[in-house]
Structure formats: C-alpha cells, structure tokens
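Undergrad: Got a structure for you, written out below as structure tokens; questions coming shortly.
Every read-out reported here was derived from the displayed coordinates using simple, explicitly stated rules and does not represent laboratory data. Because the structure is predicted, anything quoted here is derived from the model rather than measured. Virtual Cβ from ideal backbone geometry, glycine too; neighbours counted across all protein chains shown.
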Amino acid sequence: MNPKKLLKKLTPEWLISAYHLALAYAAAARYGFPSKKMVVIGITGTKGKTTCANFVWAALTGAGIKTGLIGTANIRIGDKEEMNKFHMTMPGPLVMQKIMADMVRAGCTHCVFETTSEGVKQWRHKGIAYDIGVFTNLTPEHLQSHGGSFENYKAAKGKMFEALTQSARKTINGKTIEKISILNSDSPHKDFFLAFPTDQKITFGLNPGADFQAQNAFSTPAGVAFTLGAENFRLNIVGEFNVLNALPAIIIAELFGADAAAVQRGFDLLQTIPGRMERIEAGQPFTVFVDYAHEKESMTTVLTTAQRLIKNPDNKIIVLLGAEGGGRDKAKRPIMGELAGRLADFVIVSNVDPYEDDPAQIAKDIAVAAEQAGKQRGHDLFVILDRREGIRRALTLAQPDDVVLITGKGAEQSMVINGQSAAWDDRDVVRKELSSLLGK
C-alpha cells in the first residue's frame, strides 16, 4: 500500500471529513468567493447531469447570457471549452474555485455546476452559493460508498438543495436572485426534493401534472424534436430520453428573459455533448456512438435507442462495456451484463477503470451474466481486458448499417489500472481504430 493510502487508512474518518470541509471554505476564501458574483445553477441526480448542464449552457448562451460550466465531461467559460481532465465531476475545491474565479474575470454572469453525491461526501459543495437547483432523477448508484444505503445516497443528493436554501440571496446587476428548485415530476423521488423550502418550485416531465410537460417527442435524422406548449424544439443529440434533460434548460432560460427562438438558437449551437451518445464519423458504413452509460438505467437507454436506429432485422447492435472498481457498486455488474446480453447482438467486456481491483474479476461478473442471458463466449461474447483491443474487436465485428456502442467512459480523459492513471479518450481511440480499419 502506498504511503498516501496508508495514511488515509490510519486517519480517523471524522478528521478527514473536517479537513475536506475546511479546505472547501479556505479555497472559496482564497479566490474571493466567486460563486457569490454569479447566478449558480446546481444540477444533481443519478444520470443526465452532464447533458442537462450542457443544454442549460446552450440555452443561456443562445439568449446572449455569458455562462460557465463545470461538469463530468467538459468545462466551459463562455465560448471556450476544454475537457474535464480531473477524472471527477467535481474537481478539488481549489481547482473549482479557481475555475469559477476565471469565469467571473471572463464576464460570466451564470455558472452551471454538476453536483455529485461523491463530491458532497467530501464537502466540495460548501463554499458554493447556489441559486437554482435542478433534480434530474434518482436510481441506485455509488451505494457502497454510502454505506450500502439508497437512503444515504438520496440524502447526499439532497445536500445540494440544503445548501441552496441556506445560502443568502444575491443581488446581481441590481436584481435580487430568488432561490428556485426545478424538479423532474416523473421521478418517484420528487417529493423528497420538493420538501426543501425555496421561493419557487417548478416541475418538468413527460407525464401530466408537470408545470412544463413536453409532448410529441420523436426521433429525427439529426436528433430529437418535441413540443412544449405552443413551441417546437429540436435537439441535435440522439435519444428521446434527452427531452427530459433539455426541459430544465428551457425553464431556466425563460426565467432570465429568453424566448423560444433564443433557446433554439442555443440548442442549434450544441452539435455534440462530449461522450454522451457522441457519434464518431470516419467514413465507416456503420454507426458508432461513444457514451458514458455505466449503470442499469443509462445502459438500458443507450441499448433501446440503438434498437430504434436499426434499419432492418439483419442489422446488429455491438456493445463494449465494463464497470469501475475502487469501491464502486459491484451489484450493477451482473445487471449490466444481463442487459447487454439480452439487448445487444455482440457483447465485448473490457476494462473501464478497475483502479486497484482485479480487472479479470470485474469482467467475469459481467460476462457470466451475459452468458446467462444467452450469449456464448467466442461466438457473440468476448472478454478483452485491453480496452483498445476491445474497441478494435467491436469495430471489426460491425457490418454496414450496424450500430456500435462504446460505453462506460464517455469523454473521460484518463483510465486508472492498478492505481496508475494513464491518458485515455475513447473518442480518440475509436477514431484511430476506424482510420486503421478503413486504411486511411
């Protein structure tokens, strides 16, 4: 065990927690509490956070509002974008506060901030003055790090709304900023988040009863279209599930004076969201998507979306998947394996981020479930721990009009094996392997 891990193991948990809390406030003070100088929109939930955050950024940008974003896949300061290289949605407090200070210096008046239960555990949300809280959805994930309890996990998500209600109202450009919660009314857990006292509570969803109810959603060659009231909207991102991720963006833009035309201008700007059903094109005769799907709900969504894209019964769905180690939820491994085995035609199991866990055991947990769902090793199921080789196999299996899904990492910029981090980007690897396959 390396010295850093040994020290952490020997240090009482309360002392580690106190250190993280003190660091969060010290970092905010070091950079002059930049979140107090912008409207801060926090987004929490199990899935959809990154897509929702980028839609919010796009809608506000379309309305001429200079906006920053800190999220799992990318970091934006106005029109400038870079990938999140920190391998965590919420980087350390010093990094986050510096980025927000850079936003303020660049003239951003709004900041969109993905907030995770893992970040909350380390108090990284402290020192951030939230104004608007968005709840996307809630399904079991990261339960091991929350004592194996879904209720603990849900409570951690609620900490963002607690911080929202406890921070003082701001005055920006002479206008007092209200505390607002925006909640997915289709979620069975909405009442928990509705209970937090805010000045306004706004719900969205696909089902009747939501304040903002999307209707008539359908896939287009470019993405998705839907209606909201009397207005029509188009998204350049594949998957009808993304309508739910776009609704908070429309609501927030409207709160700050944007009309539907301005929102659509913003949506038109957003051609891709890094690693979220991101289509990779290199002239190949089949479709390739890179997606972050790494648990039951998101894996189900990408696989069913692929099924809708299949042009005829002879076309195949090829999926590469894996699961994280390092204390992440082991129970999801067989669930994902069963889903892949049942909904895809070819399954390749490979490394994602095993950290210091045994990669072979992680792969076995997934592959056995895929076998139980009907797959046969060496025929339509392959265990290839080397991720590059796994991607190569997925691409070489593809025939014209097939759909290939490279899942688990999205736009992450590194991979951790045996405790060692190495630079990695699924999208770049897919492009290089496609070029090699096509002889370019």
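Undergrad: So what's Rg/Rh here for region 356-432, counting alpha carbon atoms and using the Kirkwood radius for Rh?
TA: We get a ratio of 0.98 for region 356-432.
Undergrad: How much length, in nm to one decimal, is gained on full extension between Phe150 and Arg265, taken as 0.36 nm per residue of separation minus their Cα-Cα distance?
TA: Extending this stretch completely gives an extra 37.5 nm.
Undergrad: Roughly speaking, what is the stretch gain from Phe256 to Ala22, that is 0.36 nm per residue apart minus the C-alpha to C-alpha distance, in nm to one decimal?
TA: Result for the pair: 80.8 nm of gain on full extension.
Undergrad: I would also like to ask the following. Would you mind listing how long the chain runs along its three principal axes, going by Cα atoms, in whole Å with the largest first?
TA: For the chain, the Cα extents along the three principal axes come out at 65, 60, 42 Å.
Undergrad: Give the calculated FRET efficiency between Thr171 and Glu13 to the nearest 0.05, with a Förster radius of 60 Å applied to their Cβ-Cβ distance.
TA: The pair Thr171/Glu13 has a calculated efficiency of 0.95.
Undergrad: Let me ask something additional. Can you tell me the FRET efficiency between Lys440 and Asp102 if r is taken as the Cβ-Cβ distance and R0 is 41 Å, rounded to the nearest 0.05?
TA: Efficiency computed from Cβ-Cβ geometry: 0.60.
Undergrad: Further, regarding this structure: Averaging the inverse of every distinct alpha carbon separation and then flipping it gives the Kirkwood radius. What is it for region 60-100, in angstrom units?
TA: Evaluated over region 60-100, this radius sits at 10.7 Å.
Undergrad: Quick one: which residues, 5 or more positions from Ile172 or on another chain, have an amide H under 5 Å from its amide H? H modelled 1.01 Å from N in the peptide plane, none for Pro or chain starts.
TA: It is Ile177, by chain and number.
Undergrad: Restricting to DSSP loop positions (anything but H, G, I, E, B) with no more than 14 other Cβ atoms inside 10 Å of their own Cβ, which trypsin sites (Lys or Arg not before Pro) remain in region 67-132?
TA: Sites meeting the loop and neighbour criteria: Lys85.
Undergrad: Would you compute, from DSSP H runs of 4+ residues alone, the mean residue ellipticity of the chain at 222 nm, taking -39500 (n - 2.57) per run and dividing by the full residue count, rounded to the nearest 500?
TA: Only helices count here, giving -12000 deg cm²/dmol.
Undergrad: Another question, then. Along the Cα-to-C-beta direction of Gln376, a point sits 7 Å from the Cα; which residues of region 303-317 have their amide N less than 19 Å from that point?
TA: 316-317
Undergrad: Highest first, please rank the peptides 38-46, 160-168 by the mean number of other Cβ atoms sitting within 10 Å of their residues.
TA: 38-46, 160-168
Undergrad: Also, quick follow-up: Only Lys, Arg, Asp and Glu count, each charged at its Cβ (+1, +1, -1, -1), so figure out the dipole size of the chain about its Cα centre, rounded to 20 debye.
TA: Rounded to the nearest 20 debye, it is 1180 debye.
Undergrad: For region 278-438, with equal point scatterers placed on the C-alpha atoms only and solvent neglected, what are the log10 I(q)/I(0) values from the Debye formula at q = 0.12, 0.20 1/Å, to two decimals?
TA: Each listed q corresponds, in turn, to -0.45, -1.31.
Undergrad: Where both partners of a DSSP beta bridge lie in the chain, what percent of those bridges are antiparallel, to the nearest 5?
TA: That works out to approximately 35 percent antiparallel.
Undergrad: Based on the Cβ-Cβ distance of Arg234 and His87, what FRET efficiency does E = 1/(1 + (r/R0)^6) give at R0 = 35 Å, to the nearest 0.05?
TA: After rounding to 0.05, the efficiency reads 0.60.
Undergrad: Taking the mean number of other Cβ atoms within 10 Å as a proxy for protection, how do you rank 150-158, 296-304, 318-326 from highest to lowest?
TA: Taking the mean over residues of other Cβ atoms within 10 Å, the ranking is 318-326, 296-304, 150-158.
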